[in-house]
């Protein structure tokens with residue numbers, strides 16, 4: 001019985017080839033195969049999408065974990081550089097403010113924020129990093145000024161002529177003198193490195209301040225910029 005069915009199938013195939021030709025049968029088979037493949041994917045689309053999303057989520061988590069590990073690994077070096085500023089420059093506070101993107105406006109333009117991510121102070125000086133979290137930099141004029149000039153140092157009274165808001169905030173932290181420089185990455189500005197003097201403390205001369213700012217900024221930029229460290 002089974003042999004008869006096979007013979008019947010072969011007879012039907014021979015008749016189809018005689019009627020339509022071998023090439024048309026092959027074309028029809030390819031079209032049918034493609035149709036069945038599409039139908040299979042449509043029916044299993046939720047599982048396919050879910051699997052792809054899960055793999056993407058795993059990659060994102062891996063990248064996040066790697067970035068966190070980098071943060072941990074560079075912290076001792078950054079802390080050492082800030083402590084060196086306190087010691088070498090006889091400063092009262094040394095800090096890093098990093099820039100990051102906040103939420104966008106309705107037109108899609110991002111708000112640029114600054115956050116004091118690292119800070120070292122002398123034993124008799126209070127920490128102020130909690131006062132400088134998620135600062136909307138567009139509210140101040142000093143970020144644009146330092147972007148153009150890269151480096152600046154002077155008293156808070158001199159700073160008042162550039163940016164009264166920043167000057168007032170620093171004065172509220174007993175700061176009387178500020179020295180600050182931009183931190184540049186390979187692709188963009190990373191933030192700022194600076195140190196301050198409080199309560200009218202005597203400061204070093206301008207050449208010493210600028211030399212320390214520039215040499216330390218180079219080292220910090222390498223630590224904070226992932227693109228530069230990869231190179």
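Coordinate-derived values only; no laboratory data. In this text the structure is predicted, and so the values were computed from the model without any measurement. Neighbour counts run over all protein chains shown; Cβ positions are idealised from the backbone, glycine included.
What length, rounded to one decimal in nm, is gained on full extension from residue 68 through to residue 151, with 0.36 nm per residue of separation minus their alpha-carbon distance?
Values: separation 83, 0.36 × 83 = 29.88 nm, distance 2.97 nm.
My answer for the length gained is 26.9 nm.
Just want to confirm a number: the relative contact order over segment 73-230, from Cα pairs under 8 angstrom separated by 6+ residues, in percent.
Working: 274 pairs, mean separation 36.1, N = 158.
Dividing the mean separation by the residue count of segment 73-230 yields 23 percent.
Would you mind getting the Kirkwood hydrodynamic radius of segment 73-230 from its Cα pairs, rounded to one decimal in Å?
Numbers: mean 1/r = 0.0626 Å⁻¹.
When all Cα pairs of segment 73-230 are included, the Kirkwood radius is 16.0 Å.
Using only the alpha carbons of segment 175-218, determine the length spanned along each of the three principal axes and report them from longest to shortest in whole angstroms.
That works out to 38, 20, 10 Å along the principal axes.
Mind checking the full-extension length gain between residue 222 and residue 139? Use 0.36 nm per residue of separation minus the Cα-Cα distance, one decimal, nm. All intermediate terms of the calculation are to be shown ahead of the outcome.
Working: separation 83, 0.36 × 83 = 29.88 nm, distance 2.87 nm.
In short, 27.0 nm is gained.
Length gain on complete extension for the stretch residue 172 to residue 186, per 0.36 nm per residue less the alpha carbon to alpha carbon distance? Intermediate results must be reported in sequence, preceding the final value.
Details: separation 14, 0.36 × 14 = 5.04 nm, distance 3.48 nm.
Computed gain between residue 172 and residue 186 is 1.6 nm.
May I ask you to list the residues of segment 198-222 whose amide nitrogen lies under 20 Å from a point 7 Å from Cα along the Cα→beta-carbon direction of residue 88?
198, 202-222, by backbone N distance to the label point.
Largest first and in whole Å, what are the equivalent-ellipsoid semi-axes of segment 140-231 based on the Cα gyration tensor, each being the root of 5 times an eigenvalue? Numbers along the way, then the final one.
Details: eigenvalues 127, 46, 22 Å².
Over the Cα atoms of segment 140-231, the ellipsoid semi-axes are 25, 15, 10 Å.
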